[in-house]
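The values are calculated or read from the model by the stated rules, or taken from the named source; none is laboratory data. Remember, it's a predicted structure, so these values are computed and weren't measured experimentally. Methodologically, a virtual Cβ is constructed for each residue, glycine included, from the backbone with ideal geometry; neighbour enumeration extends over all protein chains shown.
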Amino acid sequence: MKLLHVDASAKGERSNSRALGRYFIEQLQAQGLELEIDYLDLAREAPAAVTEAFAIATYTAPQARTEQMRQTLAASDVLCERLLQADACLFAMPMYNWSMPSSFKAYIDNITRTELTYLNTADGIVGQLSRQKVLFLTSRGADLRPGNPMAWMDALTPALRAAFAFIGVQHPQFVDAQPLQFADPQARGEALERARGELLQVARQWAA
Ligand SMILES: Cc1cc2nc3c(=O)[nH]c(=O)nc-3n(C[C@H](O)[C@H](O)[C@H](O)COP(=O)(O)O)c2cc1C
């Protein structure tokens with residue numbers, strides 16, 4: 001299985017989402033899956049933000065693009081290709097200010113490309129990522145699980161769901177480790193344990 005593994009925490013060794021991502025990969029391997037991992041660390045290699053040149057080039061038909069437009073889109077083309085070649089994707093990230101890290105938003109802006117990750121057909125938009133298994137692994141300081149007073153502030157889950165549905169991901173899976181930073185040690189430990197349990201379940205499903 002070709003796995004695209006993307007990390008987005010600004011933290012390195014201290015990061016919970018990175019550690020949980022590594023745990024998930026270990027569980028996949030423990031299930032006997034042979035992984036070919038393509039790793040992308042958005043904290044080290046943040047995709048470029050949208051520029052005017054990008055905005056014009058991306059909506060110019062491929063055959064009408066100038067050489068300069070092609071160069072403007074080259075890095076984004078590579079990110080799209082890496083995604084399209086994957087059989088499965090693990091996107092690990094912390095919640096920052098109720099949504100995603102800006103590097104991951106820039107990533108989405110780079111991989112949402114007409115005639116590459118989605119087709120504009122007479123019948124409407126056809127996302128090209130329908131083949132891939134997708135897991136979003138998020139870490140949160142607060143407890144935004146359904147039923148909690150702050151649950152409505154989770155703008156991360158719907159944003160990820162919408163952006164990836166547009167490019168064809170119909171059934172993404174979510175494992176959200178919460179509450180971490182703003183919890184007492186016992187609640188934090190339980191949250192990590194719960195997340196590891198859910199990751200094990202997903203690993204078993206992917207291997208089945
Ligand atoms: C800049 C910043 C913004 C954050 N915003 C939120 C937030 O809006 N809601 C929340 O629950 N936690 C928030 N947190 C806490 C992180 O989501 C939490 O510590 C998470 O475990 C970090 O994941 P990591 O260890 O992989 O970096 C924020 C942390 C930082 C550094």
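The table below lists the values:
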| item | result |
| --- | --- |
| Residue in region 84-91 that is aliphatic (A, V, I, L, M) and more than 29 Å from residue 27 (Cβ to Cβ) present | no |
| Any hit, region 112-124, residues being more than 24 Å from residue 197 (Cα to Cα), away from the ligand (no atom under 16 Å from the Cβ) and aromatic (Phe, Trp, Tyr) | yes |
| Unique residue being away from the ligand (no atom under 13 Å from the Cβ), modelled with pLDDT of 95 or more and in a loop (DSSP other than H, G, I, E, B) when the list is 161, 131, 145 | 131 |
| Residue in region 180-208 that is surrounded by the most Cβ atoms within 10 Å (Cβ to Cβ), counting only those that are closer than 16 Å to residue 141 by Cβ and in contact with a Leu (Cβ under 8 Å, 6 or more places away or on another chain) | 195 |
| Within region 97-128, considering residues that are among the polar types (S, T, N, Q) and part of a strand (DSSP E or B), the one nearest to the chain's Cα centre (by Cα) | 99 |
| Flag if residue 60 is of a type in the set (Ser, Thr, Tyr), over 16 Å from the mean Cα position of the chain (by Cα) and part of a helix (DSSP H, G or I) | no |
| Matching option when the condition is at pLDDT 95 or above, touching a strand residue (DSSP E or B) at 6+ places or on another chain (Cβ under 7 Å) and within 12 Å of the ligand (Cβ to nearest atom), among 156, 199 | 156 |
| Residues of region 1-49 satisfying the condition of being assigned to a strand (DSSP E or B) and within 16 Å of the ligand (Cβ to nearest atom) | 5, 6, 7, 39, 40, 41 |
| Filter result for residue 52 (out of contact with any His (no Cβ under 7 Å at 6 or more places or on another chain), closer than 23 Å to residue 168 by Cα and more than 16 Å from the ligand (Cβ to nearest atom)) | no |
| Residue match in region 134-142 (condition: among the hydroxyl-bearing types (Ser, Thr, Tyr) and within 30 Å of residue 181 (Cβ to Cβ)) | yes |
